[in-house]
Amino acid sequence: MYTDSHFHLDHFELKGNVPEMIDHAREAQVNRLIAIGGSDEANALALKTAKTYPGTLWATAGYDRDLSPGWDRETARLRETLSHPEVVAVGESGLDYFHKQNDPEDQKILFEAMLDLAAQTAKPMIIHSREAEDDTLAMLTNFSKRWPDADRPCGVLHCFTGSADFARKLLDLNLMISFSGIVTFKNAADIREAAKIVPADRLLIETDSPYLAPHPFRGERNQPALVPHVAACLAECRETTPEDIAETTTQNAIRFFGLHSIA
Ligand SMILES: [Zn+2]
């Protein structure tokens, strides 16, 4: 049984095929899904869907970097969403200096507020980082010291696309590392090198669907049912079996997100 630790619902909701997406996932043995928030609308949709599929789908809630310019620094609504047991993490949020439309300083203010919420609620942080490794590490160094739960990692760097060196620094800060379909791409040798050094108990897999479908579906619409292709690639580069990756990453997700508490 597989767990997709990161996917976005909006697209499936828009097309009216959330039930179909979940059926496809179950047929592919993908029995646990984490639906990622990032705005009031996405957070509410993730929570509503989690309440519809208890024991199969859980939600996260946060404000993503796109909201950073106009953000009014109000978190009351987000705190209310985070108080539901189906909401198992804060995010996604983080720093993205590749897409230049959001000012780095605005992004940092918003990300810091999300890290504060994660520390206060003891719900781990779902982190996006692109071309912002130094600033991400600096902020996470601070956050990892404030994280109150000694029994589990403080966050996950999702859709990891960095080097083995970046991975080591994140592991030192007590983070999980999640690999998406990008690890299966032909030109992703560096990411596969990084995937070799992540300890088994820090590893997660995700689709980040509807984006980034894994090889051989690259360019098509992605969905949680395709997460076994990420597992197969990781199994190859870590010299183990897909079943082992499935089991390890599912146990990790259960522990990291606390999924047993409401299943
Ligand atoms: Zn995402």
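Laboratory data are not the source of any read-out in this text; all were calculated from the coordinates shown. Just so it is clear, the structure is predicted and the values come from calculations on it, not from any experiment. Neighbour counts are summed over all protein chains in view; Cβ atoms, including those assigned to glycine, are modelled from backbone coordinates with ideal geometry.
Exceedance of the 28 Å cut-off in Cα-Cα distance is limited, within the set Lys51/Lys123; Lys15/Lys186; Lys15/Lys123, to Lys15/Lys186; Lys15/Lys123. You can think of it this way: the chain between Lys196 and Leu14 has 61.8 nm of extra reach, that is 0.36 nm per residue less the Cα-Cα gap. Each residue, Asp116 and Arg130, gets one label point 7 Å from its Cα in the Cβ direction; the gap between the two is 2.7 nm.
FRET efficiency for the Tyr53 to Asp244 pair, using the beta carbon distance and R₀ = 25 Å, is estimated at 0.40.
How high is the FRET efficiency from Met1 to Arg168, r the C-beta distance, R0 35 Å, rounded to 0.05? Spell out each step's value before the answer.
On the way: r = 30 Å, r/R0 = 0.85.
The value I calculate is 0.75.
Could you order the peptides 206-216, 30-40, 157-167, 103-113 from most to least packed, using the average number of other C-beta atoms within 10 Å per residue?
Going from most to least packed, we get 30-40, 206-216, 157-167, 103-113.
For Gly94, what residues show an amide H to amide H distance below 5 Å, using hydrogens built from the backbone and excluding near sequence neighbours? Amide H neighbours of Gly94, under 5 Å, 5+ apart: Arg65, His128. Summing Lys and Arg as +1 and Asp and Glu as -1 over all other residues whose Cβ lies under 9 Å from the Cβ of Leu45 gives a net charge of -2. In order along segment 232-237, phi translates into HN-Hα couplings of 4, 5, 5, 4, 5, 6 Hz, rounded to whole numbers, per the Karplus curve 6.51 cos²θ - 1.76 cosθ + 1.60 with θ = phi - 60° and x for Gly and Pro.
For the residues His229, His6, His260, His24, what sequence is obtained by ranking on other C-beta atoms within 10 Å, fewest first? Display every interim value, and only then the final one.
On the way: His229 22, His6 28, His260 8, His24 15.
With the sparsest Cβ surroundings first, the list reads His260, His24, His229, His6.
Full extension of the chain segment joining Ile254 with Arg152 gains 35.6 nm, where the gain is 0.36 nm per residue of separation less the Cα-Cα distance. Treating each Cα of the chain as an identical point scatterer and summing with the Debye formula, the log10 of I(q)/I(0) at q = 0.13, 0.14 Å⁻¹ comes to -0.76, -0.90. 3J(HN,Hα) along segment 144-154: 4, 6, 8, 5, x, 9, 5, 8, 9, x, 8 Hz, from the Karplus curve 6.51 cos²θ - 1.76 cosθ + 1.60 with θ = phi - 60°, whole Hz, x for Gly and Pro. For segment 212-225, 3J(HN,Hα) computed residue by residue from phi via the Karplus equation (6.51, -1.76, 1.60; θ = phi - 60°) reads 6, 4, x, 4, x, 9, 3, x, 8, 5, 8, 7, x, 4 Hz, glycine and proline entered as x.
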